[in-house]
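Attaching a single structure in structure tokens format; questions to follow.
What follows is calculated from the coordinates using simple rules that are stated; it is not laboratory data. Just so it is clear, the structure is predicted and the values come from calculations on it, not from any experiment. Virtual Cβ from ideal backbone geometry, glycine too; neighbours counted across all protein chains shown.
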Amino acid sequence: MDSHMYIQYFYNTISDVMYERKIPKDLDCGMAMIMEIIGGKWKPCLIHNIWKGHNRPSELQRLNPKASRKVLYQQLKELEAYGIIERKVYAVLPPKVEYFITDLGKSLLPVISVMDEWGTQYLEDPNKEPVLKRVV
């Protein structure tokens, strides 16, 4: 499957999750594609927190208290539709749901780690240019 077919497949897959746009998205470059997948106020945080072992929706809500449940749920569904995370529902009462990083999601972890490292350094001293340990 070539890259354009792959992009169109994922775009069609998430159409059930995301609202329909009047103007189609231009996903012809890598930056546009990654921003489509991880762009969103809470998506990088969700990926990072799930990777760190916070798998339950209640934990994710507690770690991101400024995000509404609706927005977190929507962004989790979008990440799931792109194959970045996997949702597992346990057949118990009350229902139990957990999220896990997929192999595709693990390939994003270096990007998320660099974002976290840059943000942490910037928070420590906004007047100093962050120095990343990893070469990009």
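Test of understanding: what is the full-extension gain from ASP116 to VAL71, defined as 0.36 nm times their sequence separation minus their Cα-Cα distance?
Result for the pair: 14.1 nm of gain on full extension.
Quick one: order LEU79, LEU132 by neighbouring beta-carbon count within 10 Å, fewest to most.
Listing LEU79, LEU132 from fewest to most nearby Cβ atoms yields LEU132, LEU79.
At most 12 other Cβ atoms within 10 Å and a DSSP loop assignment: could you name the chymotrypsin sites (Phe, Trp or Tyr not before Pro) in segment 35-132 that fit?
none
Would you list MET33, MET115 from fewest to most Cβ contacts within 10 Å?
In order of increasing Cβ crowding within 10 Å: MET115, MET33.
Take the alpha carbon atoms of segment 100-136, find their center, do the same for segment 45-88, and report the distance between the two centers in whole angstrom.
First find each Cα centre; the distance between them is then 18 Å.
Restricting to DSSP loop positions (anything but H, G, I, E, B) with no more than 11 other Cβ atoms inside 10 Å of their own Cβ, which trypsin sites (Lys or Arg not before Pro) remain in segment 53-122?
Here the sparse-neighbourhood loop sites are LYS66.
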